[in-house]
Amino acid sequence: MRSNILAFALGIGILQVQERLPAGVVVAGLLLAVPPLFWFARRGFLAARAMPALACALLGFCWATLLAEHRLQDQLPGEWEGRDVQVVGVVAALPHAFERGERFEFVVEAVETPGAELPRRILLSWYHGGLEDEWRERLAIRPAERWRFTVRLKRPHGNANPHGFDYEAWLFERALRATGYVRPRAVAQRVDDFVVRPGYAIERLRDRIRRSFAEVLGEAPYLGVLTALAVGDQQAIPAEQWRLFRQTGVVHLMSISGLHVTMVAALFAGLVGWSWRCSERLMLFLPAPKAAIAAGWLAALAYSLLAGFAVPTQRTLYMLSVVALALWSGRNLGASRSLLLALLLVLLLDPWAVLAPGFWLSFAAVGLLFFVGTARLGAARGWRTALASWGATQWAVTVGTLPLLLLLFQQFSLVSPLANALAIPLVSFVVTPLALLFVVCPWPPLLHFDHWLLSGLLGFLEWLAGWPVWEQPAPPPAATLLAVFGVIWLLLPRGFPARWLGLCLLLPAVFWPAERPEPGDAWVDVLDVGQGLAVVVRTREHTLLYDTGPLYSAESDAGQRIIVPYLRAHGVKRIDTLIVTHRDKDHSGGIVAVEEAVPIGSRLSSVPELQPERCVDGQTWQWDSVRFVILHPAADDYERHAAKTNNMSCVLQIQTVSGSVLLTSDIEARDEQALLARGTPRLPSDVLLVPHHGSGTSSTPEFIAAVGAREVIIPVGYRNRFQHPRADVVDRYAGSRVWRTDRDGAVRLRLAGGGLSLSSYRMQYRRYWHGR
Ligand SMILES: [Zn+2]
């Protein structure tokens, strides 16, 4: 049975890495092959053992295909992108406030614009301010309300960067098949106060709980954390607290609800089991272990509903259900078998679970708890045993999730065991239960006490955060797999010979060296930061960052979301030169996050506050036989154009024996003319970063001709509001191969071995849900 379930999971996994879904004929063909395989197996033919597993893999593959096909059919037709549509529907989940408005999931019930077709579930933003003309009276919005809106939508689109977050996959898993915003100065009308459906009622309850927390705690600093722990609203936690959690390795406590649900279930099971044993009457009615199992399962169900029944909590609940059922029925399924059954159930209902890091993390955590044998209910008696089993749990969870954390986040906090040793029990067994207790009995001092405890913990974490964090490049899959085996070996039961050898298998993953160019070569990566710019240039020993991408909102910017994870995954521990070309927010938005994450050698900029050194035409330096030349602005531009930021953009040329690149940031027509006037012979380059995102104010024909690039790259956001790049500007580059970050994702340029090669991230990593 076990190998068949694993084969089924493998079949699903294989589908989820496909570039496109297989045709119906192929699926039908594969399904037809299943009965003969079972028949062969029964007849004891050749490799009879392997036949059922193969059949199960085929079944998994076909099952996932059918569900994926069904979900893809629910889509926004291309011709309805960016057009006004009037809809009626229900606010289906807890809205999340951001700096300038609110974001919420919306279930479309009726489309009132003739001819329009919309997917069933969409993600809407409602801006309350920001631009002057967008401002409107703030209307409170609550879950389970029916609204009529005029909306403007686009298909799911996310930035595509190596080791980046696949936002399109995230939306796809949640069946959110379009994103968009409520149009200002158009219909926005509350049709119903409350739409009666169990799912909506729970959302309304969560909303009420969140409000009551806010009423009691007001402006308290850790309100967000308590809200996240009680009702799973993680977006309420401010960015700097996330950073603290990351630095100390306790993120999983706030974001992976899997472990939490498990812990709360275990706590309730333990409490009920213990109190049950005190009463003979109850014991006669139902044996204590059974009562404990029932209580644990009910607690898990209630808590996952309260936590929004988000995808990760659903998965954990299914997993716990199987475990509970196995324990209840008294059938000794064994740990591995019940875990695998849980895996089967999760994947049958939700084959996209295999895509989610959180799923594997929580599965690994629960699996490890089983593996070290601490998950046996009521087994620990006496404080000594309890303490020992707690120590074993710590050890297992910390060591066991190490390879996954390294693969997924490329960092592992050295103080994490210490932080977790206090944080896991405190958060799981005290802070979260107290917050949940407040939900049942809303007595304010309870919540104040809870907040006080939490601030103590966070003070401790802040102290720990000063300690070093182990960071490293992302290990290749083979090294990670080896590390997983190493961990299993390490955690084998006592008495197993040479367990320490497991540690050796961890070494390749931990010490895998970062790749760097050869001397004389340069690697240039134009990241996909949406509407904005960030380029990472690496030579043998040096790294340069050219612009830091846009600021998305008060809480989020390209530095923290894209650039820092990118640098970390590629083992870049220091930026030798940071160039912030000019002041605009789409180029300088990520600077703070970058400065906080990596040490920076020198800086060049045209922005007065950022420069120890101005960028000026004529500056030049050499790194590892690669030449860097600044071509713009000229020294006297600082007097003449200082107020016009685009005209002050630092222009950088990178020259190697294999070819050259010209990075132009946001220069405009008159700067192009100035560059031509100051010296045409310097301009020719093999690759050109198109000026000002392909706007109509740049890319004059003479400039394009003087550069004569074979390859051009346009850094641009998908369906951005400036409508960059202009079609006629793109036409001017007809003689070159055109790359666009909105269509191609991050563009990778290698000046190496006497030639240049370009590739795009979307070309290299393509999945069937992308762009659909
Ligand atoms: Zn710009």
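The values are calculated or read from the model by the stated rules, or taken from the named source; none is laboratory data. Treat the numbers as computed from the prediction; the structure is a model and nothing was measured. Quick reminder, even Gly has a Cβ in these numbers, built from the backbone with ideal geometry, and neighbours come from all protein chains shown. Just the protein is used for accessible areas: all its heavy atoms, side chains included, with ligands, DNA and RNA removed. Shrake-Rupley method; radii C 1.70, N 1.55, O 1.52, S 1.80 Å.
Mind jotting down the distance between the C-alpha centroids of region 634-697 and region 590-630, whole Å? Using only Cα atoms, the two centres lie 16 Å from each other. How far is helix 416-425 tilted, in degrees, relative to the longest principal axis of the Cα atoms in the chain, given as a value from 0 to 90 rounded to the nearest 10? Value to nearest ten degrees: 50.
Classify region 508-627 as rounded, prolate or oblate from the Cα gyration tensor: take a ≥ b ≥ c as the square roots of its eigenvalues, call it rounded if a/c is under 1.5, otherwise prolate when a/b beats b/c and oblate if not. Oblate shape, in that a/c is at least 1.5 and b/c is the bigger or equal ratio.
Pull up the DSSP beta bridges for region 480-591 and report the antiparallel fraction as a percent, rounded to 5. So the antiparallel bridges in region 480-591 amount to around 75 percent.
Annotation: amide H of VAL191 within the under-5 Å range of ARG146, TRP147, ARG148, sequence separation 5 or more or interchain, hydrogens built in the peptide plane. Highest mean packing first, where packing is the average number of other Cβ atoms within 10 Å per residue, the peptides 686-696, 71-81, 748-758 line up as 686-696, 748-758, 71-81. The phi-based Karplus calculation (6.51 cos²θ - 1.76 cosθ + 1.60; θ = phi - 60°) puts the 3J(HN,Hα) values of region 448-453 at 5, 4, 4, 5, 5, 4 Hz, whole numbers, x for Gly and Pro. Estimated from helices alone, the mean residue ellipticity of the chain at 222 nm is -14000 deg cm²/dmol (sum of -39500 (n - 2.57) over DSSP H runs with n ≥ 4, per residue).
Using only the Cα atoms of region 38-114, build the gyration tensor, take square roots of its eigenvalues as a ≥ b ≥ c, and label the shape rounded, prolate or oblate: rounded if a/c is under 1.5, else prolate if a/b is larger than b/c, else oblate. Because a/c hits 1.5 or more and a/b exceeds b/c, region 38-114 counts as prolate.
Mind giving me the FRET efficiency for SER125 and GLU280? R0 is 60 Å, r the Cβ-Cβ distance, nearest 0.05 is fine. My answer for the efficiency is 0.50. Determine the percent antiparallel among the DSSP beta bridges restricted to the chain, to the nearest 5. The antiparallel proportion sits near 75 percent.
Assign one of three labels to region 642-719, namely rounded, prolate or oblate, based on the Cα gyration tensor with a ≥ b ≥ c the square roots of its eigenvalues; rounded applies when a/c is under 1.5, prolate when it is not and a/b is larger than b/c, and oblate otherwise. Oblate, since a/c reaches 1.5 and b/c is not below a/b.
With each label modelled as a point 7 angstrom along the Cα→C-beta vector, the LEU446-ARG710 pair spans 7.1 nm. Out of every Cα-Cα pair that the chain contains, those further apart than 50 angstrom amount to 21 percent.
Each of PRO287, LEU325, VAL90 was scored by the projection of its Cα onto the charge dipole of the chain, and the greatest displacement toward the positive side belongs to PRO287; charges sit on the C-beta of Lys, Arg, Asp and Glu.
Taking amide H as placed 1.01 Å from N in the peptide plane, TRP623 has its amide H under 5 Å from the amide H of PHE628, each at least 5 places away in sequence or on another chain.
Simple point charges give the picture: +1 on the Cβ of Lys and Arg, -1 on the Cβ of Asp and Glu, and for region 490-537 a dipole about the Cα centre of about 580 debye. Relative to the first principal axis of the alpha-carbon coordinates of the chain, what is the inclination of helix 311-328, with its axis defined by its Cα atoms, in degrees from 0 to 90 and to the nearest 10? Here the helix axis deviates by roughly 20 degrees.
The C-alpha atoms of region 1-134 occupy a region whose extents along the principal axes are 75, 33, 25 Å, arranged from largest to smallest.
Once backbone amide H atoms are built at 1.01 Å from N, LEU153 has GLY82, ARG83 as its partners under 5 Å, excluding neighbours fewer than 5 places away on the same chain. For a straight C-alpha distance cut-off of 20 angstrom, the lysines reachable from LYS644 (same-chain residues fewer than eight places away being disregarded) are LYS585. Charge dipole (Cα centre; +1 on Lys/Arg Cβ, -1 on Asp/Glu Cβ; no other charges) of region 81-203 amounts to roughly 140 debye.
Checking Cβ-Cβ separations below 4.7 Å across the chain identifies CYS56, CYS62, CYS278, CYS441, CYS504 as cysteines lacking any candidate disulfide partner. For region 196-337, which whole percent of the accessible surface, found with a 1.4 angstrom probe, sits on carbon and sulfur atoms? The C+S portion of the solvent-accessible surface of region 196-337 is 64 percent. Probe radius 1.4 Å, ligands and nucleic acids ignored: give me the carbon and sulfur share of the accessible area of region 407-566 as a rounded percent. Roughly 73 percent of what the probe reaches on region 407-566 is carbon or sulfur. Between THR262, VAL572, TYR761, the Cα set farthest toward the positive side of the dipole of the chain (charges on each charged residue's Cβ, about the Cα centre) is that of THR262.
Under 16 Å of direct C-alpha separation, and excluding same-chain neighbours fewer than eight residues apart, LYS154 reaches these aspartates and glutamates: ASP74, GLU79, GLU81, ASP84, GLU105, GLU117, GLU168, ASP742.
The residues of the chain have, on average, 45 Å² of accessible surface per residue, using a 1.4 Å probe with all protein chains present. Computed from phi, the 3J(HN,Hα) profile of region 675-680 under the Karplus parametrisation 6.51, -1.76, 1.60 (θ = phi - 60°) reads 4, 4, 5, 7, x, 4 Hz, with x in place of Gly and Pro. For helix 382-400, report the angle its Cα long axis makes with the longest principal axis of the Cα atoms of the chain; keep it between 0 and 90° and round to the nearest 10°. In the chain, helix 382-400 runs at an angle near 30 degrees to the longest axis. The 3J(HN,Hα) values that the Karplus relation (6.51, -1.76, 1.60; θ = phi - 60°) gives for region 727-738 are, in residue order, 4, 5, 6, 4, 4, 5, 9, 4, x, 10, 7, 9 Hz. Gly and Pro appear as x. The residue among TYR181, SER736, LEU59 whose Cα reaches farthest toward the positive pole of the charge dipole of the chain, with charges on the beta-carbon of Lys, Arg, Asp and Glu, is LEU59. The charge dipole of the chain, taken about its Cα centre with unit charges on the Cβ atoms of Lys, Arg (+1), Asp and Glu (-1) only, comes to about 3040 debye.
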